[in-house]
Amino acid sequence: MLVNNNLYKKSSKSQKVRCEICANYCKIADGKYGICRQHKNINGELFDESFGVVSSLSPDPIEKKPLHHFMPGTFTYSIGGFGCNMTCLHCQNYTISQEYDKKSRSIKISPETIVENAIRYGCKSIAWTYNEPTIHLPFNRITSLLARKNNLKVIYVSNGYFSQKSIEEVLSFVDAFNIDLKSMSQDFYKKVCGADLDIVLDNLKRIHNEGKHLEITNLILNDYNDSIDEITQLCDFVAQELSTDVPLHFSRAFPYYKMKDISPTNPEILFKAREIASQKGIKNIHLGNI
């Protein structure tokens, strides 16, 4: 499907297009893909080849997202796709985000069927999750608007790496977010994730200032982002730049993808993180994967 031309720019000197769906702002040559490998330049027009193509469909407890303070006790209809706009070396879902066979594993589905399934399973919302939803913006926007017409809420489980244009669109149809704040280190974001920390922080502030429900997850990796100083910085950001009312989830990591040499996160550091967050006045703190 042709991407909304508000989300890309043509070059006046070549057939390259600048994708503006996420903060990578990929400059894509004719016949090539951007970093996410879902959007292709065909004769100077940007096409979303993943429109209506998903990897995963499942009714889940909303707490699994994790969202513990938005419609608790309800089920959400989870939809995942393929690809990602980050290249995290420790990705916990790398088999659909980084290394995947879309031809053999893909499921073709329409927005109408997704909404019908959600209603049939008794879900009160749909959740774009498992991989980064922003890269599927054309499809999840259409589906989400249909879901809201049918009294379903819309959830984004995201890395927060939105472009300036996509954050505007996403805020117009998403009711609740869980954003993975991976670290407070720019070096970590650059070397481990291939991204820019400041963009994520700015988007978190934008989401909060727009009054959307927001919860934050921090996946802690031994010897990478587990220092007391960094955890303190993260808690300070939440408490001072957002609100002590924003729920914070600290989650345990396991050896995956290109970080198979790490050991599972020491649970003691999660307990320490909870203590630090509590001292900073954060009211709702949760520990995951333990």
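The values are calculated or read from the model by the stated rules, or taken from the named source; none is laboratory data. Remember, predicted model here, so these are calculated numbers, not experimental data. Don't worry about glycine lacking a Cβ; one is built from the backbone with ideal geometry, like all the others, and counts go over all protein chains shown.
Among the candidates Phe173, Phe139, which residue alone is in the same structural domain as Thr74 (by TED's automatic domain parsing) and over 22 Å from Lys9 (Cβ atoms)?
So the residue among Phe173, Phe139 that is in the same structural domain as Thr74 (by TED's automatic domain parsing) and over 22 Å from Lys9 (Cβ atoms) is Phe173.
Return the pairs, sorted by first residue and then second, in which the second residue is part of a helix (DSSP H, G or I), the first residue lies in region 61-77 and is over 14 Å from Ile126 (Cβ atoms), the beta carbons are less than 9 Å apart, and the residues are 6+ apart or on different chains.
Here the result reads His68/Ile62; Pro72/Ile62; Pro72/Glu63; Gly73/Ile62; Gly73/Glu63, each pair linking region 61-77 to a residue that is part of a helix (DSSP H, G or I).
May I ask you to say which residue of Arg148, Arg141 is within 16 Å of Asp48 (Cα to Cα), out of contact with any His (no Cβ under 6 Å at 6 or more places or on another chain), modelled with pLDDT of 95 or more and basic (Lys, Arg)?
None of the other options fit; the residue is Arg141.
If we keep just the residues of region 233-251 that are free of Cβ contacts under 8 Å to residues at least 40 places away in the same chain and more than 18 Å from Phe271 (Cα to Cα), which is surrounded by the fewest Cβ atoms within 10 Å (Cβ to Cβ)?
Gln240
Take region 97-116 and flag every residue that is crowded, with 16+ Cβ neighbours inside 10 Å, out of contact with any Gly (no Cβ under 7 Å at 6 or more places or on another chain) and in a loop (DSSP other than H, G, I, E, B).
Gln98, Tyr100, Ser106
What is the number of the single condition among (1) farther than 19 Å from Asn159 by Cα; (2) part of a helix (DSSP H, G or I); (3) at pLDDT 95 or above; (4) not basic (Lys, Arg) that Glu63 does not meet?
Evaluating Glu63 over (1) farther than 19 Å from Asn159 by Cα; (2) part of a helix (DSSP H, G or I); (3) at pLDDT 95 or above; (4) not basic (Lys, Arg) leaves (1) as the failure.
Looking only at region 71-87, count every residue that is surrounded by 22 or more Cβ atoms within 10 Å (Cβ to Cβ) and over 27 Å from Cys193 (Cα atoms) and tell me the total.
Of the residues in region 71-87, 2 are surrounded by 22 or more Cβ atoms within 10 Å (Cβ to Cβ) and over 27 Å from Cys193 (Cα atoms).
Hey, among Val170, Val192, which residue is of a type in the set (A, V, I, L, M) and farther than 22 Å from Lys65 by Cα?
Exactly one of Val170, Val192 is of a type in the set (A, V, I, L, M) and farther than 22 Å from Lys65 by Cα, namely Val192.
Given the residues Glu275, Glu241, which is the only one that is more than 16 Å from His69 (Cβ to Cβ) and within 23 Å of the chain's Cα centre (by Cα)?
Going through Glu275, Glu241 in turn, the sole match is Glu241.
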